[in-house]
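Undergrad: Before I ask anything, here is the structure I am working with.
The values are calculated or read from the model by the stated rules, or taken from the named source; none is laboratory data. Computed from a predicted structure; not experimentally measured. Reconstructed Cβ throughout: ideal geometry from the backbone, glycine too, with neighbour counts over all protein chains shown.
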Amino acid sequence: GQAKVWPGERILLYRNGKGLVFAIQMQCPHALAMLGGGEVEEYGDIEGLATSGPFVACPSHTYVFDISSGACITEPPERCSPARTYPVHVGGGGEVYVGPLPNPVVDPGIPMELGHKVQNRLVEKGLDRMLSGQ
């Protein structure tokens, strides 16, 4: 992903393996860390449970956000507000346009138990990357 300034807000763009592009606020709504420094992953299912995603783990406290909805899937709403997501359009030449107004907040319906499994996988991925020196 890349960070771009859009009326004072930094946006994290993520393109998945299918070519879909997602836009989420760069700053974690919980700890104000930059989500762009966190691990990003997409899982079809975990232990037979379907997930949506993609997901990003905040590098500060490893809270995990569903990039498609902005929902924090590892903490209750009273502990962590959802992140803002934005509508995205990809032009014919591959250019990405991000809408100026956030999408409505949507609950992805991911049980917190599944959110914690996603969190564990993202933490392991980050540790593996750090230990390998990447």
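Undergrad: Search the range 20-66 for residues being part of a loop (DSSP other than H, G, I, E, B) and out of contact with any strand residue (DSSP E or B) (no Cβ under 8 Å at 6 or more places or on another chain), and hand back the single one that is modelled with the lowest pLDDT. Lay out the reasoning, then the answer.
TA: Pass one, the range 20-66, residues part of a loop (DSSP other than H, G, I, E, B): 20, 26, 28-33, 38-39, 42-44, 47-48, 51-54, 58-63.
Add one more test, that the residue is out of contact with any strand residue (DSSP E or B) (no Cβ under 8 Å at 6 or more places or on another chain), and what stays is 20, 31-32, 47-48, 60-62.
On the way: LEU20: 89, ALA31: 82, LEU32: 84, GLU47: 65, GLY48: 62, SER60: 90, HIS61: 90, THR62: 91.
Ranking the qualifying residues of the range 20-66, first place goes to GLY48.
Undergrad: Restricting the first residue to the range 82-109 and requiring it to be touching a residue at least 12 places away in the same chain (Cβ under 8 Å) and closer than 22 Å to LEU32 by Cα, which pairs with a second residue that is charged (D, E, K, R) and not in a loop (DSSP other than H, G, I, E, B) meet a Cβ separation below 8 Å and a spacing of at least six or different chains?
TA: Sorted first by the residue in the range 82-109, then by its partner, the pairs are ARG84/GLU9; VAL98/LYS4.
Undergrad: If a residue must be crowded, with 21+ Cβ neighbours inside 10 Å and either over 23 Å from GLY19 (Cβ atoms) or not charged (D, E, K, R) (or both), how many such residues does the range 55-81 contain? Outline the logic, then answer.
TA: Applying the first criterion (crowded, with 21+ Cβ neighbours inside 10 Å) to the range 55-81 yields 55-58, 63-67, 69-74, 80.
Keeping just the survivors that are either over 23 Å from GLY19 (Cβ atoms) or not charged (D, E, K, R) (or both) gives 55-58, 63-65, 67, 69-74, 80.
Residues in the range 55-81 being crowded, with 21+ Cβ neighbours inside 10 Å and either over 23 Å from GLY19 (Cβ atoms) or not charged (D, E, K, R) (or both): 15 in total.
Undergrad: So, in the range 117-134, how many residues would count as being modelled with pLDDT under 90 and under 10 Å from THR74 (Cα atoms)?
TA: The qualifying residues number 2.
Undergrad: Turning to a different aspect of this structure: Looking at VAL21, VAL88, VAL98, VAL64, can you tell me which residue is within 12 Å of the chain's Cα centre (by Cα) and more than 17 Å from GLU113 (Cβ to Cβ)?
TA: Numbers: VAL88 fails: within 12 Å of the chain's Cα centre (by Cα); VAL98 fails: within 12 Å of the chain's Cα centre (by Cα); VAL64 fails: more than 17 Å from GLU113 (Cβ to Cβ).
VAL21 is the lone residue from the list that is within 12 Å of the chain's Cα centre (by Cα) and more than 17 Å from GLU113 (Cβ to Cβ).
Undergrad: Out of (1) in contact (Cβ under 8 Å) with a residue 60 or more places away in the chain; (2) more than 12 Å from the chain's Cα centre (by Cα); (3) under 19 Å from GLN27 (Cα atoms), what's the single condition that is false for GLU78?
TA: Answer for GLU78: the failing condition is (1).
Undergrad: Say we look at the range 87-99 and pick out the residues that are surrounded by 10 or more Cβ atoms within 10 Å (Cβ to Cβ) and part of a loop (DSSP other than H, G, I, E, B); which of these is modelled with the highest pLDDT? Break it down into steps so the answer makes sense when it comes.
TA: Taking the range 87-99 as the starting set, the residues that turn out to be surrounded by 10 or more Cβ atoms within 10 Å (Cβ to Cβ) are 87-90, 96-99.
Still in the list and also part of a loop (DSSP other than H, G, I, E, B): 87, 99.
On the way: PRO87: 96, GLY99: 90.
Only one residue fits best here, namely PRO87.
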